[in-house]
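The values are calculated or read from the model by the stated rules, or taken from the named source; none is laboratory data. Given the structure is predicted, the values throughout are model-derived calculations rather than measurements. In this analysis, Cβ positions are derived from the backbone assuming ideal geometry, glycine residues included, and neighbour counts consider all displayed protein chains.
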Amino acid sequence: MAYRFPALTPEQKKELSEIAQRIVANGKGILAADESVGTMGNRLQRIKVENTEENRRQFREILFTSDNSMNQSIGGVILFHETLYQKDSQGKLFRNILKEKGIVVGIKLDQGAAPLAGTNKETTIQGLDGLSERCAQYKKDGADFGKWRAVLRIADQCPSSLAIQENANALARYASICQQNGLVPIVEPEVIPDGDHDLEHCQYVTEKVLATVYKALNDHHVFLEGTLLKPNMVTAGHACTKKYTPEQVAMATVTALHRTVPAAVPGICFLSGGMSEEDATLNLNAINLCPLPRPWKLSFSYGRALQASALAAWGGKSANKKATQEAFMKRALANSQAAKGQYIHSSSSGAASTQSLFQASYTY
Ligand SMILES: O=P(O)(O)OC[C@@]1(O)O[C@H](CO)[C@@H](O)[C@@H]1O
């Protein structure tokens, strides 16, 4: 048995579990600023700003140079390759700005979807070839965790057992390679919210997907204490006519997690999946008040739900820097409170924060 061939040394395990715990300590979560060039283009188009490298750099500089107190809410930031090597206007690398604030730097490692032939438009994710070399280089360049997003959808015959198995195996292989190179893997099997399915259907599928992922992680000898999970919350499909309260979402979500995610996993950081900023915060808060056993930190790893108000406040103008940082810090603080079950909804949340951020077929 593998017992005779340990995957990691005690020192490697210690390093990985310390990194994972730092990211989710005391109500901290993750800013997912790892939008690929194309995805960032969609975001910039909404505010009528051209998708140039300089505009992407400027927006991210504004976020990363927010007040040092952002480190009370943000434990880690996921970067895209381009951003890991970008600098602020004074010539300082973004990654060093973040590290000086005590924030852990992460890197997006998946490289796009590829179709699974013979399925109803399902996909697997590419990026395993050469992954070990990329991880080793990113570790040298200051990254301490990685992210890989697999996409599953609910539809006729979906997700198929092929899509569930294939994506779970790719996630596990990625996680193993990350750990060999000193990176904590964020394991992200996203069941996307497209469709008219109800809450119970999403819970059923999420449980099947997570159970398969944890079997695969075990098969690949992944050290769970040195991982973080980034799942969808259990919600009804975007086109479902029945509406659910945050408490119902929380109960379905924690039930699914409780049934499938081992207690050894230190943190579960949800994606926002097109929810409005305010809904993402309210649901996270309800999750942290849910009366079921919760042996893991339950926090956030939001892209859209941490940046929508900030993008709207920025509008591509450097004169709006202060307003942009204020908008970002407000959401970061709200989500940190929600990660402790201490968020109190205020009616002054701002128009942008209640707008749905859903985008159909959001695969990349
Ligand atoms: O759902 P959200 O919170 O906006 O983003 C979740 C996320 O995994 O999906 C995006 C696309 O890959 C990433 O930028 C981000 O990390």
Completion exercise
Expected output for region 26-54 (first residue at positive phi, partner within 13 Å of the ligand (Cβ to nearest atom), Cβ below 9 Å, 6+ apart or cross-chain) is 27/299; 27/335
Problem - Flag for residue 124 being within 16 Å of the ligand (Cβ to nearest atom) and out of contact with any Phe, Trp or Tyr (no Cβ under 8 Å at 6 or more places or on another chain) - result: yes
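Just wondering, is there one or more residues in region 183-206 that are at pLDDT 95 or above, over 27 Å from residue 305 (Cα atoms) and crowded, with 23+ Cβ neighbours inside 10 Å?
No - not one qualifying residue is present in region 183-206.
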Practice task
Write out, first by first residue and then by second, each pair whose Cβ atoms fall under 9 Å of each other, whose residues are 6+ apart or on separate chains, and whose first residue, in region 251-274, is farther than 15 Å from residue 227 by Cα while the second is among the charged types (D, E, K, R) and in a strand (DSSP E or B).
Solution key: 271/149; 271/188; 271/190; 273/190
Exercise for the section: Would you please name the residue that is surrounded by the fewest Cβ atoms within 10 Å (Cβ to Cβ), looking only at residues in region 64-98 that are within 22 Å of residue 41 (Cβ to Cβ) and touching a residue at least 60 places away in the same chain (Cβ under 8 Å)? Expected result: 78
Exercise for the section: Would you point out which residue out of 281, 260 is surrounded by 20 or more Cβ atoms within 10 Å (Cβ to Cβ) and of a type in the set (Ser, Thr, Tyr)? Expected result: 281
Fill in the blank from the handout: Restricting region 23-38 to residues that are surrounded by fewer than 18 Cβ atoms within 10 Å (Cβ to Cβ) and in a helix (DSSP H, G or I), the one nearest to the ligand (Cβ to nearest atom) turns out to be 38
Exercise for the section: Please tell me if residue 146 is within 14 Å of the ligand (Cβ to nearest atom), under 30 Å from residue 201 (Cβ atoms) and touching a residue at least 24 places away in the same chain (Cβ under 8 Å). Expected result: no
Practice task
Mind listing whichever residues of region 188-236 are assigned to a loop (DSSP other than H, G, I, E, B), away from the ligand (no atom under 16 Å from the Cβ) and closer than 24 Å to residue 24 by Cβ?
Solution key: 220, 221, 222, 223
Practice task
Within region 135-150, work out how many residues are more than 13 Å from residue 169 (Cα to Cα) and buried (at least 19 other Cβ atoms within 10 Å of the Cβ).
Solution key: 7
Practice task
Would you confirm whether any residue within region 145-159 is touching a Ser or Thr at 6+ places or on another chain (Cβ under 6 Å) and polar (S, T, N, Q)?
Solution key: no
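To keep it simple, each residue is scored yes or no on (1) within 15 Å of the ligand (Cβ to nearest atom); (2) within 18 Å of residue 39 (Cβ to Cβ); (3) among the charged types (D, E, K, R); (4) assigned to a helix (DSSP H, G or I).
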| position | (1), (2), (3), (4) |
| --- | --- |
| 274 | yes, yes, no, no |
| 283 | yes, no, no, yes |
| 306 | yes, yes, no, yes |
| 322 | no, no, yes, yes |
| 359 | yes, yes, no, no |
Practice task
Please enumerate the residues belonging to region 62-98 that are more than 15 Å from the ligand (Cβ to nearest atom) and acidic (Asp, Glu).
Solution key: 67, 88
